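The values are calculated or read from the model by the stated rules, or taken from the named source; none is laboratory data. Remember, it's a predicted structure, so these values are computed and weren't measured experimentally. Cβ atoms come from the backbone with ideal geometry, glycine included; neighbour counts cover every protein chain shown.
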Amino acid sequence: MSAFGRKSGVGAMSPGARPQFGVAKPMRSGAGAPPEAGMGGGASLPGMAGMPGGDQFPPLPSFDDSGAKSDGPAMKADALTRLADRANGVVENTNQLEGFEASVHKIKEQVLPRLLERVDPEAAATLTKDELSEEFRPIILEVLAELKITLNRREQFALEKVLIDELLGFGPLEELLNDPDISDIMVNGPDQTYVEKKGKLTLSTIRFRDEQHLFQIAQRIVNQVGRRVDQTTPLADARLKDGSRVNVIVPPLSLRGTAISIRKFSEKPITIDMLRDFGSMNDKMATALKIAGACRMNVVISGGTGSGKTTMLNALSKMIDPGERVLTIEDAAELRLQQPHWLPLETRPPNLEGQGAITIGDLVKNALRMRPDRIILGEIRGAECFDLLAAMNTGHDGSMCTLHANSPRECLGRMENMILMGDIKIPKEAISRQIAESVDLIVQVKRLRDGSRRTTDITEVIGMEGDVIVTQNLFKFEYLDESEDGKIIGEFRASGLRPYTLEKARQFGFDQAYLEACL
């Protein structure tokens with residue numbers, strides 16, 4: 001007898017009876033397999049015999065671009081071939097200057113030391129780049145004559161630019177910073193620099209002379225915003241004059257030398273219509289987001305690193321009424337709001353004695369005394385999330401922020417965890433209720449594997465049901481296929497649900513347009 005009061009063994013079963021609990025059925029290997037005990041003499045489901053993997057688990061059907069069924073094993077072989085190519089591939093570092101650029105940089109190494117002997121650095125720092133070019137031209141010609149180097153006009157102009165970038169700019173980085181197609185610059189020590197173009201990483205040809213040269217450029221960047229970087233403070237966040245965000249980490253924390261990461265921003269302000277034209281969303285989603293910005297809904301923009309959270313926040317800010325007073329609070333000021341009455345605030349790190357630090361939470365509390373209509377946080381990472389929720393509930397409707405999360409549901413969980421990270425002694429249920437009452441919309445942005453950035457979800461926060469925050473999706477991006485050149489093909493779909501935030505839209509006269517966009 002078994003533990004369940006039945007005799008064990010196949011013979012104990014009556015014909016047609018269900019198999020015993022805990023008795024595994026062997027998987028069939030195809031049409032020619034022997035009949036299975038206990039299954040009525042090998043009965044099988046129609047249309048499933050002879051398939052690889054057995055009658056019980058047929059392979060998934062595969063389709064080609066025209067929608068017809070394609071050869072599954074051939075696709076599997078293609079996938080395995082690609083895996084083998086990647087496993088056996090050899091990566092070559094081709095970070096070498098060639099031709100004209102190589103000759104100019106070689107001459108620069110000879111000219112620069114002699115040029116510095118003839119120039120007063122303090123006087124040069126007071127001149128603009130154009131003025132410095134005029135002053136340098138005769139001195140460069142003099143140094144070239146001493147070195148017995150003859151250059152044509154094109155080479156002279158290129159040499160002047162390289163030398164001035166070295167003295168007043170950021171050296172080799174100037175070339176990359178002036179390229180509008182580059183969105184990210186990643187310097188991994190003096191001999192390796194990667195750039196991102198259209199969502200894809202490529203190796204750049206620029207090089208630094210040595211680690212000392214790279215370290216000087218890093219110091220020049222952070223000194224512009226009153227920060228510093230050295231062995232005692234090996235980490236620093238800074239920004240460039242155009243608002244590009246910079247992170248610097250130096251040895252001993254970085255083992256390959258000084259590392260600089262620059263996130264560039266477009267000089268031309270990005271709008272929601274431009275994001276729609278780029279394929280980040282469709283017309284209805286663009287309309288819904290415009291109305292959300294204009295109707296002072298509290299919006300949280302969620303996404304991973306490099307997914308376009310700050311770009312989306314800048315685009316939403318275009319819909320803010322010009323008569324409203326807007327305060328932005330960030331660690332490194334990178335937001336570029338498109339409003340006349342906008343005041344940016346920035347945190348301050350501690351000094352050498354570990355004192356004098358001003359955190360985002362301190363600035364949020366102070367901002368409440370500055371009569372803001374809206375408060376916008378560049379990114380929330382900790383307990384300041386609670387201060388922002390308090391602002392959303394104290395008459396500052398239309399406040400916005402960004403945070404790192406992979407889905408709208410995870411975004412809510414992250415907000416709860418960030419508040420619990422602080423020393424605020426309130427139960428989790430009260431925190432969840434505060435979030436549900438404060439946040440109106442969650443906009444999820446994502447960078448897909450083909451480098452494109454899409455708005456994958458627009459989700460409403462409805463309220464509480466028990467101790468769970470209830471949400472409903474207004475829009476969602478559905479993945480469909482992938483083109484031959486690796487581009488993701490998908491569709492933006494509206495859920496067709498009546499939006500819960502329709503009442504806010506009605507107060508501003510946008511209820512009909514909002515309803516039509518969401519249905």
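A few comments on the model shown:
- Helices (runs of 4 or more DSSP H) contained in the stretch 268-383 and holding at least 3 residues over 30 Å from A513 (Cβ atoms) and not charged (D, E, K, R): 360-367
- Under the condition of being without any contact (Cβ under 8 Å) to a residue 60 or more places away in the chain, touching a helix residue (DSSP H, G or I) at 6+ places or on another chain (Cβ under 7 Å) and either part of a strand (DSSP E or B) or outside the structural domain of D397 (by TED's automatic domain parsing) (or both), the residues counted in the stretch 459-475 number 5.
- Number of residues in the stretch 245-269 that are within 20 Å of the chain's Cα centre (by Cα), surrounded by 20 or more Cβ atoms within 10 Å (Cβ to Cβ) and free of Cβ contacts under 8 Å to residues at least 60 places away in the same chain: the value is 1.
- For the stretch 401-416, the tally of residues that are touching a Leu at 6+ places or on another chain (Cβ under 6 Å) and either acidic (D, E) or not assigned by TED's automatic domain parsing to the domain that holds E384 (or both) stands at 0.
- The listed residues are G306, G293, and the only one of them that is out of contact with any Asp or Glu (no Cβ under 6 Å at 6 or more places or on another chain), at pLDDT below 90 and not assigned by TED's automatic domain parsing to the domain that holds D230 turns out to be G306.
- The listed residue being touching a helix residue (DSSP H, G or I) at 6+ places or on another chain (Cβ under 6 Å) and either over 24 Å from T233 (Cα atoms) or surrounded by fewer than 18 Cβ atoms within 10 Å (Cβ to Cβ) (or both), out of L337, L343: L337
- Only one entry in I426, I442 is outside any helix (DSSP H, G or I), modelled with pLDDT under 90 and more than 25 Å from K198 (Cβ to Cβ), namely I426.
- Residues in the stretch 346-369 that are at pLDDT 85 or above and farther than 22 Å from R239 by Cβ: K365, L368, R369.
- Residue match in the stretch 439-458 (condition: closer than 20 Å to I272 by Cα, among the basic types (K, R) and free of Cβ contacts under 8 Å to residues at least 60 places away in the same chain): no
- Qualifying position, being surrounded by fewer than 17 Cβ atoms within 10 Å (Cβ to Cβ), modelled with pLDDT of 70 or more and assigned by TED's automatic domain parsing to the domain that holds S254, among N188, N152: N188
- Some residue of the stretch 390-399 being of a type in the set (A, V, I, L, M) and either closer than 18 Å to E460 by Cβ or not assigned by TED's automatic domain parsing to the domain that holds E324 (or both): yes
- From the list T287, T193, T205, T233, the lone residue that is farther than 30 Å from G323 by Cβ and modelled with pLDDT of 90 or more is T193.
- Criterion: out of contact with any Cys (no Cβ under 6 Å at 6 or more places or on another chain), outside the structural domain of K198 (by TED's automatic domain parsing) and assigned to a helix (DSSP H, G or I) - qualifying residue of R506, R493: R506
- Boolean, E478 is of a type in the set (D, E, K, R), in the same structural domain as A292 (by TED's automatic domain parsing) and assigned to a helix (DSSP H, G or I): no
- Any hit, the stretch 259-268, residues being closer than 25 Å to N178 by Cα, touching a Phe, Trp or Tyr at 6+ places or on another chain (Cβ under 8 Å) and not assigned by TED's automatic domain parsing to the domain that holds G398: no
- For the stretch 96-111, taking the residues that are surrounded by fewer than 16 Cβ atoms within 10 Å (Cβ to Cβ), part of a helix (DSSP H, G or I) and of a type in the set (D, E, K, R), the one that is modelled with the lowest pLDDT is identified as E101.
A quick yes/no check of all residues on (1) surrounded by 16 or more Cβ atoms within 10 Å (Cβ to Cβ); (2) in contact with a helix residue (DSSP H, G or I) (Cβ under 7 Å, 6 or more places away or on another chain); (3) within 21 Å of N314 (Cβ to Cβ):
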{"residue": "L201", "(1), (2), (3)": "no, no, no"}
{"residue": "R207", "(1), (2), (3)": "yes, no, no"}
{"residue": "Q219", "(1), (2), (3)": "yes, no, no"}
{"residue": "N223", "(1), (2), (3)": "no, no, no"}
{"residue": "G226", "(1), (2), (3)": "no, no, no"}
{"residue": "D230", "(1), (2), (3)": "no, no, no"}
{"residue": "R239", "(1), (2), (3)": "yes, no, yes"}
{"residue": "D242", "(1), (2), (3)": "no, no, yes"}
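- Those residues of the stretch 372-394 which are touching a residue at least 40 places away in the same chain (Cβ under 8 Å), surrounded by fewer than 22 Cβ atoms within 10 Å (Cβ to Cβ) and closer than 19 Å to I358 by Cα, in sequence order: E379, G382, A383
- Residue among R114, R82 that is in a helix (DSSP H, G or I) and at pLDDT 75 or above: R82
- Criterion violated by C295 - all others in (1) within 17 Å of A333 (Cβ to Cβ); (2) over 16 Å from the mean Cα position of the chain (by Cα) satisfied: (1)
- Being within 20 Å of the chain's Cα centre (by Cα) and surrounded by 15 or more Cβ atoms within 10 Å (Cβ to Cβ) is a condition met by at least one residue of the stretch 469-487.
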